[in-house]
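Working notes, structure below.
The values are calculated or read from the model by the stated rules, or taken from the named source; none is laboratory data. Note that the coordinates shown come from a computational prediction; the quantities given were computed from them, not determined experimentally. Using ideal geometry, Cβ is built from the backbone for each residue, glycine included, and neighbour counts are taken over all protein chains shown.
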């Protein structure tokens, strides 16, 4: 077989081509110039020039979350690499597959405090699934192959490849052959569940009288939404999703209770607290879900399915643990249940389940998001954030990719945009990274050029990566940015209202904000400003209509700055301990807050 | 509860730092740590003693297994096992003390491996408790310098930790 002679830099790019990489999000610098020259000499991979390395990692992350394919980042050494760390940590916390290639000073200079030297493997170590330092160019094909395999398999995550400049030297050539397979004796992710555990889980599900299926990001990342939906529909059990799991089950289905947790729906949290069986799938009992673990779901048997053994019994002890890929295990559980119901149609306690659903409907009617009248009108006729999200939902017919940043707007989007399919809702759940939304939306738009991509953000988060408006102009990305502008760091302010006697310590900057419409127009984009409810739907129809199909449109929606996110879990309580609304300008806080 | 973990690790640059980093990052404790290549030079073996209840040890084990370069993890304290630690200890030995220290060393089956006019360097192996007891028996005034290897452990009988 003929082998090619390539330099290290060429091998790196060639290996990315052989992995099927379409886009590399990056920013050049001294340590990666050999690699950039190799990029220049080829056409198969498109390099996207960002304005800040953090944004490059979020773009790759958004690309990965919306497609399931790994996102790729290329940054230089030192500050280029450290700027990427926040994005790497974001991907790590939400288990998304990205491969970050960072330049490094030449091997001979490592450790000498050379110009733009940072120990990237050391700096990134706690927030990567794995990392490599390339010691010689000959290792490059194998390392790239392993990096992509590790990033995408098992519980996905970010992998860093730190590439010293000497290993990409354009004057030294090597035989290039891309490995066909990976052999790692110490890494073999689970490919199927234990059949005994699967039977136990099926029996527990059939015996349940007050069940809840609670699913997380694992269903999305594991491409298990179809299997989940099939099983849940067969059982007719209530389903709730975590912030990361939205879209894993159709959001507009009657059977869906909405998001659970700190800002979850009343009915989801009540159902979790009173359940006798909780089937957790690809979820990790995060503290934003469970509230106080000691008071969590006192009567529930816990069945926990996850690809990562370390997630099981970490916070809440699992009675029936199953390690395995969500889709395959759910399908097997469904087959067992189908067979059992075939033998005995009475195997499910329909009467108990009917009673359970009546209780849930009661909760929903009492305090559910749709039945709650409290946000019909904003103070002084002003616009409410929930109304804006609902208007976006109507204008996009629920079919947009929606990215968000972090804070109140993120919770409003999660509560009111009903995702009926996976990989549509893209947000930083685990790390909670402000500045994620716009670059993530860009990654999504690159991956889905014809799709409607909306970034629901707040002015605080938006300003953390707004330099990317320039990148959006360069690559003509028609993203719709919906800025829920409350002229404050809303979630911080809400906590200060509720727990710090209304002392707004450094959460407002009202008089220092830019004119966002003028700002975005200066980048060459289209901008709208909305202040009143009666303008809202017409504006959204325009923004998402044919008129602006090819434009980036920035909507500066000035909302009621006093609005809080409800329900809100009461600190230290159980899941049924929630503040539900603001009464007479004060929150209905119980004494035990 | 004290636990002794045996870890087989790829013998590669940076692998040990991931193990140690994991303990720091997840707020786990390392009491002693011992590491060296095995008969298969692509593998290192770590013996690490830590403390924690069953849940904590389970979490530590799971997280260690998540590290790509960790090949195997076994909790030696789950079953019968042997543990030994090596100590080199430099002791003041002048006048009447010289005989006294030598006698004590013999009782503990230590060896004097270096001698000067006023000091002995003694090599002693055994369980950590035995080494502690030797230091106590000498009395603190006699001890000039102590270096201990940390515990090494191995399963008893036919239990074997290998690939």
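Selection within the stretch A:175-193: residues that are in contact (Cβ under 8 Å) with a residue 60 or more places away in the chain and more than 14 Å from residue A:335 (Cα to Cα). The member of this set that is farthest from the chain's Cα centre (by Cα) is A:175.
For the condition farther than 30 Å from residue A:188 by Cα and either more than 14 Å from chain A (Cβ to nearest Cβ) or part of a strand (DSSP E or B) (or both), residue B:91 qualifies. Would you check if there is a residue in the stretch A:190-200 being surrounded by fewer than 21 Cβ atoms within 10 Å (Cβ to Cβ) and closer than 19 Å to residue B:63 by Cβ? Within the stretch A:190-200, one or more residues are surrounded by fewer than 21 Cβ atoms within 10 Å (Cβ to Cβ) and closer than 19 Å to residue B:63 by Cβ. Among the residues of the stretch A:90-120, the one identified as assigned to a loop (DSSP other than H, G, I, E, B), under 23 Å from residue B:65 (Cβ atoms) and within 13 Å of chain B (Cβ to nearest Cβ) is A:95.
Within the stretch B:92-111, being under 21 Å from the mean Cα position of the chain (by Cα) and surrounded by 16 or more Cβ atoms within 10 Å (Cβ to Cβ) holds for B:105, B:108, B:110. Does residue A:301 satisfy the condition of being in contact with a helix residue (DSSP H, G or I) (Cβ under 7 Å, 6 or more places away or on another chain) and away from chain B (no Cβ under 14 Å)? Yes.
Residues in the stretch B:122-133 that are touching a strand residue (DSSP E or B) at 6+ places or on another chain (Cβ under 6 Å) and buried (at least 18 other Cβ atoms within 10 Å of the Cβ): B:122, B:124, B:128, B:131.
Within the stretch B:41-63, being more than 11 Å from chain A (Cβ to nearest Cβ) and in contact with a strand residue (DSSP E or B) (Cβ under 9 Å, 6 or more places away or on another chain) holds for B:44, B:45, B:46, B:47, B:48, B:49, B:50, B:51, B:52, B:57. Applying the condition of being more than 19 Å from the chain's Cα centre (by Cα) and under 29 Å from residue A:152 (Cα atoms) to the stretch A:229-265 and asking which residue is surrounded by the fewest Cβ atoms within 10 Å (Cβ to Cβ) yields A:230. Within the stretch A:121-144, the set of residues being within 14 Å of another protein chain (Cβ to nearest Cβ), under 24 Å from residue A:69 (Cα atoms) and outside any loop (DSSP other than H, G, I, E, B) comprises A:121, A:124, A:125, A:126, A:127, A:130, A:131, A:132, A:133, A:139, A:142, A:143.
Test residue A:171 against the criterion of being exposed (fewer than 15 other Cβ atoms within 10 Å of the Cβ) and within 14 Å of chain B (Cβ to nearest Cβ), and give yes or no. Criteria not met by residue A:171. Restricting the first member to the stretch A:26-41 and to residues that are surrounded by fewer than 16 Cβ atoms within 10 Å (Cβ to Cβ), and the second to residues that are in a loop (DSSP other than H, G, I, E, B) and modelled with pLDDT of 95 or more, the beta-carbon pairs closer than 7 Å and six or more apart or on different chains are A:30/A:76; A:30/A:116. Does residue A:196 fit the bill of being free of Cβ contacts under 8 Å to residues at least 60 places away in the same chain and not in a loop (DSSP other than H, G, I, E, B)? Yes: the conditions hold for residue A:196.
Checked against the criteria, residue B:25 does not count as surrounded by 14 or more Cβ atoms within 10 Å (Cβ to Cβ) and out of contact with any strand residue (DSSP E or B) (no Cβ under 9 Å at 6 or more places or on another chain). Criterion first (outside any strand (DSSP E or B) and crowded, with 20+ Cβ neighbours inside 10 Å) does residue A:82 satisfy it? In short, no. Candidates in the stretch B:32-56 are the residues that are surrounded by 13 or more Cβ atoms within 10 Å (Cβ to Cβ) and farther than 20 Å from residue B:8 by Cβ; of these, the one that is nearest to the chain's Cα centre (by Cα) is B:51. Residues in the stretch A:311-332 that are more than 14 Å from chain B (Cβ to nearest Cβ) and either more than 29 Å from residue A:92 (Cβ to Cβ) or not in a helix (DSSP H, G or I) (or both): how many? Counting residues in the stretch A:311-332 that are more than 14 Å from chain B (Cβ to nearest Cβ) and either more than 29 Å from residue A:92 (Cβ to Cβ) or not in a helix (DSSP H, G or I) (or both) gives 6. Counting only helices (runs of 4 or more DSSP H) that sit completely within the stretch A:461-553, those holding 2 or more residues that are touching a helix residue (DSSP H, G or I) at 6+ places or on another chain (Cβ under 6 Å) and farther than 18 Å from residue A:405 by Cα correspond to A:533-543. Against the list (1) without any contact (Cβ under 8 Å) to a residue 60 or more places away in the chain; (2) within 14 Å of chain A (Cβ to nearest Cβ); (3) part of a strand (DSSP E or B), the condition residue B:71 fails is (1). When residue B:99 is tested against the conditions (1) more than 14 Å from chain A (Cβ to nearest Cβ); (2) over 22 Å from residue B:155 (Cα atoms); (3) outside any helix (DSSP H, G or I), the lone failure is (3).
One residue stands out among those in the stretch B:105-163 that are part of a helix (DSSP H, G or I) and touching a helix residue (DSSP H, G or I) at 6+ places or on another chain (Cβ under 7 Å): the one that is farthest from residue A:185 (Cα to Cα), which is B:142. In the condition set (1) within 14 Å of chain A (Cβ to nearest Cβ); (2) in contact (Cβ under 8 Å) with a residue 40 or more places away in the chain; (3) within 30 Å of residue A:159 (Cα to Cα), residue B:66 is compliant with all but (2).
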